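What follows is one structure encoded as structure tokens, with my remarks underneath.
The values are calculated or read from the model by the stated rules, or taken from the named source; none is laboratory data. Model, not experiment: these values are computed from the prediction. We place every Cβ from the backbone using ideal geometry, glycine too, and count neighbours over all the protein chains shown.
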Amino acid sequence: MFLCLFIQILVNVGTHFDQESSVFLAPRRGVYSFNFHVVKAYNRQTIQVSLMVNGWPMISAFAGDQDVTREAATNAGLVIMEKGDKAYLRLERGNLMGGWKYSTFSGFLVFPL
């Protein structure tokens, strides 16, 4: 199992995403939207990526077509988070094309509670 490490940030309003650890820190209690997209590196393998919140898997995505070299795994969901909760991606199985280079991860506050 590997945590993702994103080297490029496109938008980080409020700086709640820490680039060094690739962890999103919830600034307040509320409902957050997260989505991610990853690409597997090899055929004949399966990848699994999970959105983790405080060490617990919330949602996962799989890509496992054995005859396809490049295949994407994508998922999205809403999560209730408390102030200070941490969200990040974890590679549970497989290898990603270019490491995390071709992967995306985003999260934002939908509404406060």
(message) Could you tell me how many of the residues in segment 17-45 are in contact with a Phe, Trp or Tyr (Cβ under 6 Å, 6 or more places away or on another chain) and among the aliphatic types (A, V, I, L, M)?
(response) 3
(message) Looking at segment 61-92 only, could you name the residues that are modelled with pLDDT of 85 or more, closer than 19 Å to residue 40 by Cα and surrounded by 15 or more Cβ atoms within 10 Å (Cβ to Cβ)?
(response) 61, 62, 73, 75, 88, 89, 90, 91, 92
(message) Report every pair of residues separated by at least 6 positions or lying on different chains whose Cβ atoms are under 6 Å apart, first residue within segment 6-18 and part of a loop (DSSP other than H, G, I, E, B), second not aromatic (Phe, Trp, Tyr).
(response) 6/22; 9/19; 16/25; 16/27
